[in-house]
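Peer 1: The structure's right below; bear with me while I get my questions together.
The values are calculated or read from the model by the stated rules, or taken from the named source; none is laboratory data. Not measured: the values here are computed from a predicted model. Cβ: placed from backbone, ideal geometry, glycine included. Neighbour counts: every protein chain shown. Ligands, DNA and RNA are excluded from the accessible area calculation, which covers all protein heavy atoms including side chains. Shrake-Rupley method; radii C 1.70, N 1.55, O 1.52, S 1.80 Å.
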Amino acid sequence: MQNVFLDGTSIEIHREIQTGNIRHVVFDFDGTISLIRDGWQNVMVPMMVEFLQTETDTNETKEQLESIVVEFVDRLTGKQTIYQMIQLGEEIEKRGGNPKDPLAYKDEYNNRLLPIVEQRISGLAVGNLSAETLRVPMALEFLQSLHELGVKCYLASGTDVEFVKNEAELLGVAQYFSGGIFGALREYKKFSKAMVIQKILTDFKLSGSELLIIGDGYVEIENAKAVGAIAVGVASVEDNVYNMNADKRERLIRAGADIIIPDFREGEQLLGYLFSQ
């Protein structure tokens, strides 16, 4: 079907879905619920460009390297951070360098991002920042509504699980994920969003229309469509200097999103549609 807007809203319906059956919902975290790590690309991209310049003999300009890094960082967003670091190692190797273990690059990235994250976290702790300003608009209210409907919610993030659990608590949303909070592990092959989704389907013997996946990355949308689940793409605006938001909506549509929303400000209308019999 041609995409249409739900009456009087900015909610885009890209294909007809079987409504009224949803019992479980899996959420992505960064960019879908949380803005604590907003601007992370402004840390990751320069770091990777720096390593490509210092660990290889490349003749490429900073601008050329930046273009290459932006492409793969954007493409791999939604997967665990380690996959972006694995790609960095491959790019270093392509240019004759001897890359470090991807975990070493990931640790360095986390170390560089930490001051920004800690500043926001301390702002929350002392009251200089409100949790509301660090959540995607109306995400909390949307979770509360799902809870009232008796829906079991899960959180699955490509960010390290210990960070996700802590930041979900700080944002006041952790209590709504009765199904569990999942995230990246040092042994990265033991976790993926697809694994979380498959376990839910198996444990509860669900059909596709009983499971809803909500996220702002193509990965979770592709995972949803692979198992016949309903997929809502969140085309949220993130703060980065590389214009990575420019094609977020188009990327989510290409990945197979059934519905596109900018945030949760029209959450009640969205729930009315999703749960209509």
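Peer 1: Is there a pair in Lys189/Lys225; Lys94/Lys225; Lys190/Lys225; Lys94/Lys193 whose C-alpha atoms are over 27 Å apart, and which pairs would that be?
Peer 2: Working: Lys189/Lys225 21 Å; Lys94/Lys225 34 Å; Lys190/Lys225 22 Å; Lys94/Lys193 29 Å.
Beyond 27 Å between Cα atoms: Lys94/Lys225; Lys94/Lys193.
Peer 1: Explain nothing, just the number: dipole magnitude of segment 89-172 about its Cα centre with +1 on each Lys and Arg Cβ and -1 on each Asp and Glu Cβ, in debye rounded to the nearest 20.
Peer 2: The dipole of segment 89-172 has a size of about 120 debye.
Peer 1: In units of 2.2 N^0.38 Å, what is the alpha-carbon radius of gyration of the chain?
Peer 2: On the way: Rg = 19.0 Å, N = 277, 2.2 N^0.38 = 18.6 Å.
After normalising by residue count via 2.2 N^0.38 Å, the value is 1.02.
Peer 1: Taking the Cα centre of the chain as the origin and placing charges on Cβ (Lys, Arg +1; Asp, Glu -1), which of Gln198, Val237, Thr81 is farthest toward the positive end of the dipole?
Peer 2: Gln198
Peer 1: While we're on this one: Suppose each label sits 7 Å from its Cα in the direction of the beta carbon; what would the Glu250-His147 distance come out to in nanometres?
Peer 2: For the pair Glu250/His147, the computed spacing is 3.9 nm.
Peer 1: Please go through the residue pairs Lys79/Lys152; Lys165/Lys248; Lys100/Lys165; Lys199/Lys248; Lys152/Lys205; Lys100/Lys248 and name each one whose alpha carbons sit more than 19 Å apart in this structure.
Peer 2: Lys79/Lys152; Lys165/Lys248; Lys100/Lys165; Lys199/Lys248; Lys100/Lys248, as the Cα separations exceed 19 Å there.
Peer 1: Now for a separate question. Expected output is a single nm value to one decimal: the length gained when fully extending between Gln53 and Glu90, i.e. 0.36 nm times separation in residues minus the C-alpha distance. What is it? Kindly include the intermediate steps, with their values, before the conclusion.
Peer 2: Values: separation 37, 0.36 × 37 = 13.32 nm, distance 1.40 nm.
That works out to 11.9 nm of additional length.
Peer 1: Work out the length of the dipole vector of the chain about its Cα centre, built from +1 on the beta-carbon of each Lys and Arg and -1 on the beta-carbon of each Asp and Glu, and round it to the nearest 20 debye.
Peer 2: 760 debye
Peer 1: On to the next question. About its Cα centre, how strong a charge dipole does segment 1-153 have in debye, to the nearest 20, once Lys and Arg get +1 and Asp and Glu get -1 at the Cβ?
Peer 2: Details: 14 positive and 24 negative charges, 90 e Å.
Magnitude of the dipole: close to 440 debye.
Peer 1: With an 8 Å Cα cut-off and a minimum separation of 6 or more residues, compute the relative contact order for segment 40-115 in percent.
Peer 2: 36 percent
Peer 1: Moving to a separate point now. Roughly how many whole Å is it from the C-alpha centroid of segment 93-115 to that of segment 171-192?
Peer 2: Centre-to-centre (Cα) distance: 23 Å.
Peer 1: Solvent-accessible area per residue for the chain at a 1.4 Å probe radius, Å²?
Peer 2: Ligands and nucleic acids excluded, the figure is 45 Å² per residue.
Peer 1: Determine the relative contact order of segment 54-201: mean sequence separation of Cα pairs under 8 Å and six or more apart, normalised by residue count, in whole percent.
Peer 2: About 21 percent, as a whole number.
Peer 1: Moving on to the next point. How high is the FRET efficiency from Asp107 to Arg23, r the C-beta distance, R0 35 Å, rounded to 0.05?
Peer 2: The pair Asp107/Arg23 has a calculated efficiency of 0.35.
Peer 1: Explain nothing, just the number: relative contact order of segment 120-258, from Cα pairs under 8 Å at least 6 residues apart, as a whole percent.
Peer 2: On the way: 170 pairs, mean separation 22.1, N = 139.
The value is 16 percent.
Peer 1: While we're looking at this one, here's another question. Which order do peptides 131-137, 15-21 fall in by mean Cβ count within 10 Å, highest first? Each step should come with its number before you reach the end.
Peer 2: Working: 131-137: 17.4, 15-21: 13.6.
So the peptides 131-137, 15-21, ranked by packing, come out 131-137, 15-21.
Peer 1: Rounded to a whole number, what % of the accessible area of the chain do carbon and sulfur atoms account for, probe 1.4 Å?
Peer 2: Summing carbon and sulfur atoms, their accessible area is 49 percent of the total for the chain.
Peer 1: Now, a different point. When a/c is below 1.5 the answer is rounded, else prolate if a/b is larger than b/c, else oblate, so apply that to segment 184-277 with a ≥ b ≥ c taken from the square roots of the Cα gyration tensor eigenvalues.
Peer 2: Judged from the Cα gyration tensor, segment 184-277 comes out oblate (a/c at least 1.5, b/c at or above a/b).
Peer 1: Shifting gears a bit: Working out 0.36 nm times the residue gap between Thr9 and Ile116, then minus their Cα-Cα distance, what length gain in nm do you get to one decimal?
Peer 2: On the way: separation 107, 0.36 × 107 = 38.52 nm, distance 3.46 nm.
So the chain would gain 35.1 nm between Thr9 and Ile116.
Peer 1: Taking 7 Å along the Cα-to-C-beta vector as the label spot, tell me the Lys100-Ala174 distance in nanometres, rounded to one decimal.
Peer 2: Roughly 3.0 nm, to one decimal.
Peer 1: Only residues of segment 166-183 count here: report those whose backbone N is under 13 Å from the spot 7 Å along Cα→Cβ of Met195, or say none.
Peer 2: Residues passing the 13 Å test: 182-183.
Peer 1: If you count, for each residue, the other Cβ atoms within 10 Å and average over each peptide, how do 79-86, 7-14 line up from highest to lowest?
Peer 2: Descending mean neighbour count gives 79-86, 7-14.
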